[in-house]
Amino acid sequence: MASTSRGDVLALPKVQCPNHPDAMLVEDYRAGDMICPECGLVVGDRVIDVGSEWRTFTNEKATKDPSRVGDAQNPLLNGGDLTTMISKGTGAASFDEFGNSKYQNRRTMSSSDRAMLNAFKEITTMADRINLPRNIIDRTNNLFKQVYEQKSLKGRANDAIASACLYIACRQEGVPRTFKEICAVSRISKKEIGRCFKLILKALETSVDLITTGDFMSRFCSNLGLPKQVQMAATYIARKAVELDLVPGRSPISVAAAAIYMASQASAEKKTQKEIGDIAGVADVTIRQSYRLIYPRAADLFPPDFKFDTPVDKLPQL
């Protein structure tokens, strides 16, 4: 029995026993009844069970999905992608007298939703290849949806737009990746990604933070297998070189590569220009050019507590 307090007309109806209002009702899940434990009165019936409709056993295959409610709702698609798929019929009632299937799936998904869905799959694939977390994938999907709906980059390939959106999302989330790293996991050239990158920033009227040498240093040193001391020294050298204005016009990636080369040559863990260039995605000649700019002030660039394996005056001059 449902009752409502007199003082509050808008209060939700409360199911309670008329004889024992304070009793905690017991729910019979099998019958769908609400029963008073004091007198056994059935207060409510046909209660909807919100639990799962199946039971899971430990010996069942993990690939078996007993759910019949479809995929999760995707808020980025029109209508939330709430579609119903009809499976292929097996009985005689599923076919007409000519052998054609009576029930068929209608292609209710629009071409725009289909294009966005393909782009989302491509973004997820690219992000998985370079081990990017889910929050960056979500931000990239939102960026792509905004660009696609504005139609401001009409004529550009969706893969190129998706790659540029992934690059922007990495920059905005504070884990920037280089253009070459994005190119390595996509089928688009660096030039095309760069063009789309500039057009998207203009179309969405957004901006990204400037990249610094510290954004790449820990990842590059980790991939090279360098110890913490060398990483800290390389970070200090790069920051000091920028403060002293020794590398004007040089990209942060090339400055970081040159700083890693100098720090590694001064330590016991020496790395060649080619090894560093392969990880950083820069040419050997680019590392040499940046290294030559900072070499004359090498004595002022190292941290005071750095333990030299090779003295500063014995570092390669290139």
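The values are calculated or read from the model by the stated rules, or taken from the named source; none is laboratory data. Keep in mind the model is a prediction, meaning the values are calculated, not measured. Here the Cβ is made from the backbone with ideal geometry for all residues, glycine too, and neighbour counts use every protein chain on show. In case anyone asks, the SASA skips ligands and DNA or RNA and just uses the protein heavy atoms, side chains included. Shrake-Rupley method; radii C 1.70, N 1.55, O 1.52, S 1.80 Å.
Note on surface exposure: Thr272, Thr286 rank Thr272, Thr286 by accessible area, highest first, 1.4 Å probe. Using the Cβ-Cβ distance between Asn142 and Thr272 with R0 set to 30 Å, the FRET efficiency works out to roughly 0.10. The listed peptides 131-142, 297-308, ordered by packing as a protection proxy, come out as 131-142, 297-308 (highest mean of other Cβ atoms within 10 Å first).
If the only charges are +1 at each Lys and Arg Cβ and -1 at each Asp and Glu Cβ, what is the size of the charge dipole of the stretch 219-318 around the Cα centre, to the nearest 20 debye?
Computed charge dipole of the stretch 219-318: roughly 80 debye.
Legend: distances between Cα atoms for Lys191/Lys240; Lys121/Lys271; Lys121/Lys191; Lys240/Lys271; pairs beyond 26 Å are Lys191/Lys240; Lys121/Lys271.
Here the Karplus curve 6.51 cos²θ - 1.76 cosθ + 1.60, taken at θ = phi - 60°, turns the phi angles of the stretch 275-287 into couplings of 4, 5, x, 5, 6, 7, x, 10, 6, 4, 5, 5, 5 Hz, with x standing for Gly and Pro.
Give me Rg over Rh for the stretch 170-238, both radii from the alpha carbons and Rh done the Kirkwood way, two decimal places.
1.06
Distance between the modelled labels on Ala283 and Ser189, one decimal in nanometres: 1.6 nm (7 Å Cα→Cβ projection).
Farthest towards the positive end of the charge dipole of the stretch 143-267, among the residues Ile168, Ala257, Ile200, is the Cα of Ile200, using unit charges on the Cβ of Lys, Arg, Asp and Glu. Computed over protein heavy atoms with a 1.4 angstrom probe, the accessible surface ordering of Lys190, Lys145, largest first, is Lys190, Lys145. For the pair Ala203 and Asp313, label points projected 7 Å from Cα toward Cβ lie 6.0 nm apart. With protein chains left intact and a 1.4 Å probe, residues in the stretch 113-201 average 47 Å² of accessible area per residue.
Hydrodynamic analysis of the stretch 225-318 uses the Kirkwood radius over alpha carbon pairs. Inserted into Stokes-Einstein at 37 °C and 0.692 mPa s, it gives a translational diffusion coefficient of 256 µm²/s. Three semi-axes describe the equivalent ellipsoid of the stretch 159-285; taken as square roots of 5 times the Cα gyration tensor eigenvalues and ordered largest first, they are 28, 16, 12 Å. Heavy atoms of the protein chains alone define the surface here; on that basis the stretch 206-289 has 45 Å² accessible area per residue at 1.4 Å probe size.
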